[in-house]
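Here the structure comes first, spelled out in structure tokens, and everything after it is commentary.
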Amino acid sequence: MKLNGKNGKSDTNLEQIREKTDLAVSVENLVVHYETSSETVEAVNSISFSLKKKRTLGLVGETGAGKTTAMLALMNMVPNPPGRIIEGEIRVNGLDMRKLTPAQLQHVRGSEIAMIFQDPMTSLNPVLTIGEQIGESILLHRNISKAEALKETQKLLERVGIDPERYGEYPHQFSGGMRQRVGIAIALACNPSVLIADEPTSALDVTIQAQILQMMRKLKEENDTSMILITHDLGVVAEMCDDVAVMYAGHIVEYGTLEEVFNKTKHPYTEGLFNSLPNINNRVEKLQPIQGLMPDPANLPKGCAFAERCPYASEACRENPPETHSFSDTHLAACTAYQDPDFRIGRNK
Amino acid sequence: MADTILEVKNLKKYFKTNKGNVHAVDNVSFTLERGKTLGIVGESGCGKSTTGRTILRLIEPTSGEVYFDGKDICKVSNKEMTKLRKDMQIIFQDPFSSLDPRMTVSQLIAEPLKYHKIIEASGKELEQKTEEMVLDLMRTVGLAERLYNAYPHELDGGRRQRIGIARALILQPKLIVCDEPVSALDVSIQAQILNLLQELQKERGLTYIFITHNLSVVNHIADEIAVMYLGSIVEKAPVEELFQNPLHPYTKALLSAIPVPEIHKKQNGPVIQGEVVSPINLPDECRFYKRCPISCEACRQGVPELREVLPGHFVACGCCQ
């Protein structure tokens, strides 16, 4: 590997264009489409959110809601073609990600913002040892020798709970939980201040999930990292997050602190998610599923995307895009029904 | 007297490998009452799916007895087994890979009918009767009639799983092994399928063996739960008893590891460390010994047996007995 040392000088450029901010991440009106010859998939439709330093934001939603695309856009990594960021402003630590040059982007990715991927079975390179894979980003971002990088790698392995002597082993020699620890070590290699975790524990067993979540909490506190956690598991959100954004068909339908979204739920879709979940503390005779299916993102309705499945929907919901109502400084819900000041969803009655 | 539909005695399935025997299912015994649901819970590799399949003799057991309606199915001839299969069906985990992509919805649902030659008719009459039955069942499981000639790739996961359910139901079985039927589905769809399975059970008096790793799901659907670890049942109890009074340290750890979607409801139990050991050539001690937070001397004196400690509550643990 002859990658070291090249990127040291881009630092100064970055400091000139960095804006002062106390937000780790801010996204305004982000729109991402996947364009193919036959159709346009509207994966992310004008979403806005921000992440304060040292906080954890949970991004919740079902398959196809646009969670992963939104996060790839955050790192300016949407596969192009067919993906394209149509508009929007993306700032990470005060840097406008859409205006950076490829060299600057390469520097920012990994050292300021890093990602933990969902599936530890496929996200590691099977022909490189885990030591090489962790050391790769250290060598790329820091001006140090191979021997020093190896020492750093071993320190990282120890931090994520793997015997440092195993640095020379290949991914297939590790179990799923151990591989995810390797994935976390890679993401943490250069102490990024923002960490995106894309369903980091969905592929793992519950006891292993508990170990990984515990470790992530500990590492986050040690390093003052800000984190965005993508998940479909509301239980994981309750354990890990400070703020929650609920996504549906490419929109953020509800956004607020954990307390607000869980205990003062406003959006009918969020309510539907809670009602669909079998709750271990409260066994009900019959679950109340959300009827129907999520609309095809290549063919979204003109009104509210959830209207067809929503028990409270009116004609106005089907005709016009939903209005965003705010319930506190931090709590937003995109639902037209709140035009009526007396409207309450069933959960809040 | 309880109406027992299934009795499993000392069921074992070992797979031979170059390194030694994999103890996939090791001495599993239980009985199941007609019309009830037994949930089998455990983590990947604990042998829950192999148990389900061995009970149906989709995998030949190494040893043990399985009595279905009083008959030991491990001893019957293949021909007789084929007949018995009409009464015992399975719903598979992954609706994306368990359906033949080149068959239409109607062909998929009608396949078991044709194989078992259920309808005694021929020519036009056979076709007509098959179509009637398929359409009837499509209504039952909530598939729209317009999907009659659709192929699986045109459908989403929830609908595909409905086809899998229809295929299992068309022979009007008594027992259905549901092998992780909802784990590949999104929560809102998962709830739809769980409700469907419960309705069908009420209507048709079905007996389920419900295999899953998801404790919240099994809590919702099962009457009784068996917790498996490395091929053996470590605890078995009625659902409420198991959730309120778990005895085995592994069950306790599993329960406390479930993330609960409520704030400040974290069940602050111990996070168990370590991972499941290899199921090859297991030492003669409690399977959970190396990860167990209690692990007393009794645990090293051979594998603890499953004993009834409270009425209906069985546990295999040297320390809690």
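I'd like to know if the stretch A:80-96 contains one or more residues that are out of contact with any strand residue (DSSP E or B) (no Cβ under 7 Å at 6 or more places or on another chain), assigned to a helix (DSSP H, G or I) and buried (at least 18 other Cβ atoms within 10 Å of the Cβ).
Within the stretch A:80-96, none of the residues are out of contact with any strand residue (DSSP E or B) (no Cβ under 7 Å at 6 or more places or on another chain), assigned to a helix (DSSP H, G or I) and buried (at least 18 other Cβ atoms within 10 Å of the Cβ).
Would you be able to say whether some residue in the stretch A:88-101 is touching a Leu at 6+ places or on another chain (Cβ under 7 Å), away from chain B (no Cβ under 14 Å) and farther than 17 Å from A:Ile17 by Cα?
The answer is yes; a qualifying residue exists.
Pick from the stretch A:263-308 the residues that are basic (Lys, Arg) and within 13 Å of chain B (Cβ to nearest Cβ): which of them is farthest from B:Asp156 (Cα to Cα)?
So, considering only residues that are basic (Lys, Arg) and within 13 Å of chain B (Cβ to nearest Cβ), the one farthest from B:Asp156 (Cα to Cα) is A:Lys264.
May I ask you to verify whether B:Lys252 is part of a strand (DSSP E or B), assigned by TED's automatic domain parsing to the domain that holds B:Val22, within 23 Å of the chain's Cα centre (by Cα) and basic (Lys, Arg)?
no
Select from the stretch A:143-161 the residues that are touching a residue at least 60 places away in the same chain (Cβ under 8 Å) and among the basic types (Lys, Arg) and list them in ascending order.
A:Lys146, A:Arg159
Any chance you could count how many residues in the stretch A:112-139 are surrounded by fewer than 21 Cβ atoms within 10 Å (Cβ to Cβ), at pLDDT below 90 and not charged (D, E, K, R)?
Qualifying residue count for the region: 5.
Return yes when A:Glu62 is in a loop (DSSP other than H, G, I, E, B), crowded, with 20+ Cβ neighbours inside 10 Å and at pLDDT below 90 and no when it is not.
It is true that A:Glu62 is in a loop (DSSP other than H, G, I, E, B), crowded, with 20+ Cβ neighbours inside 10 Å and at pLDDT below 90.
With the structure loaded, tell me whether A:Tyr255 is more than 10 Å from chain B (Cβ to nearest Cβ) and touching a strand residue (DSSP E or B) at 6+ places or on another chain (Cβ under 7 Å) or whether it fails that test.
Yes, satisfied.
Condition check: farther than 30 Å from A:Glu28 by Cβ, touching a residue at least 24 places away in the same chain (Cβ under 8 Å) and surrounded by 20 or more Cβ atoms within 10 Å (Cβ to Cβ). Does A:Leu74 satisfy that?
no
Check B:His153 against each of (1) in contact with a Pro (Cβ under 7 Å, 6 or more places away or on another chain); (2) surrounded by fewer than 22 Cβ atoms within 10 Å (Cβ to Cβ); (3) assigned to a helix (DSSP H, G or I); (4) within 14 Å of chain A (Cβ to nearest Cβ) and name the one condition it does not meet.
Unmet for B:His153, out of (1) in contact with a Pro (Cβ under 7 Å, 6 or more places away or on another chain); (2) surrounded by fewer than 22 Cβ atoms within 10 Å (Cβ to Cβ); (3) assigned to a helix (DSSP H, G or I); (4) within 14 Å of chain A (Cβ to nearest Cβ): (4).
For the stretch B:1-119, list the helices (runs of 4 or more DSSP H) that sit wholly inside it and hold at least 3 residues that are β-branched (Val, Ile, Thr) and buried (at least 16 other Cβ atoms within 10 Å of the Cβ); which are they?
Output list reads B:48-55.
Looking at the stretch B:195-217, I want the residues that are assigned to a helix (DSSP H, G or I) and have a partner that is surrounded by fewer than 18 Cβ atoms within 10 Å (Cβ to Cβ) and of a type outside the set (S, T, N, Q) with Cβ atoms under 8 Å, at least 6 apart or on another chain. Which pairs are those?
Sorted first by the residue in the stretch B:195-217, then by its partner, the pairs are B:Asn195/A:Lys286; B:Leu196/B:Gly142; B:Gln198/A:Lys286; B:Gln201/B:Gly35.
For A:Ser193, indicate whether it is away from chain B (no Cβ under 14 Å) and within 13 Å of the chain's Cα centre (by Cα).
Judged against the criteria, A:Ser193 is not a match.
Which condition from (1) of a type outside the set (Asp, Glu); (2) part of a helix (DSSP H, G or I); (3) within 14 Å of chain B (Cβ to nearest Cβ) is the one that A:Pro200 breaks?
Evaluating A:Pro200 over (1) of a type outside the set (Asp, Glu); (2) part of a helix (DSSP H, G or I); (3) within 14 Å of chain B (Cβ to nearest Cβ) leaves (2) as the failure.
Check the stretch A:164-184 and report whether any residue there is over 23 Å from A:Val127 (Cα atoms) and more than 14 Å from every other protein chain (Cβ to nearest Cβ).
no
Counting only residues that are over 24 Å from the mean Cα position of the chain (by Cα), more than 30 Å from A:Gln173 (Cβ to Cβ) and loosely packed, with under 13 Cβ neighbours inside 10 Å, how many does the stretch B:271-310 have?
Adding up the residues that qualify gives 4.
Looking only at the stretch A:244-289, which residues are more than 19 Å from the chain's Cα centre (by Cα) and part of a strand (DSSP E or B)?
Those that are more than 19 Å from the chain's Cα centre (by Cα) and part of a strand (DSSP E or B): A:Asn279, A:Asn282.
The values are calculated or read from the model by the stated rules, or taken from the named source; none is laboratory data. Treat the numbers as computed from the prediction; the structure is a model and nothing was measured. Note: ideal-geometry Cβ built from the backbone for every residue, glycine included; neighbour counts use all protein chains shown.
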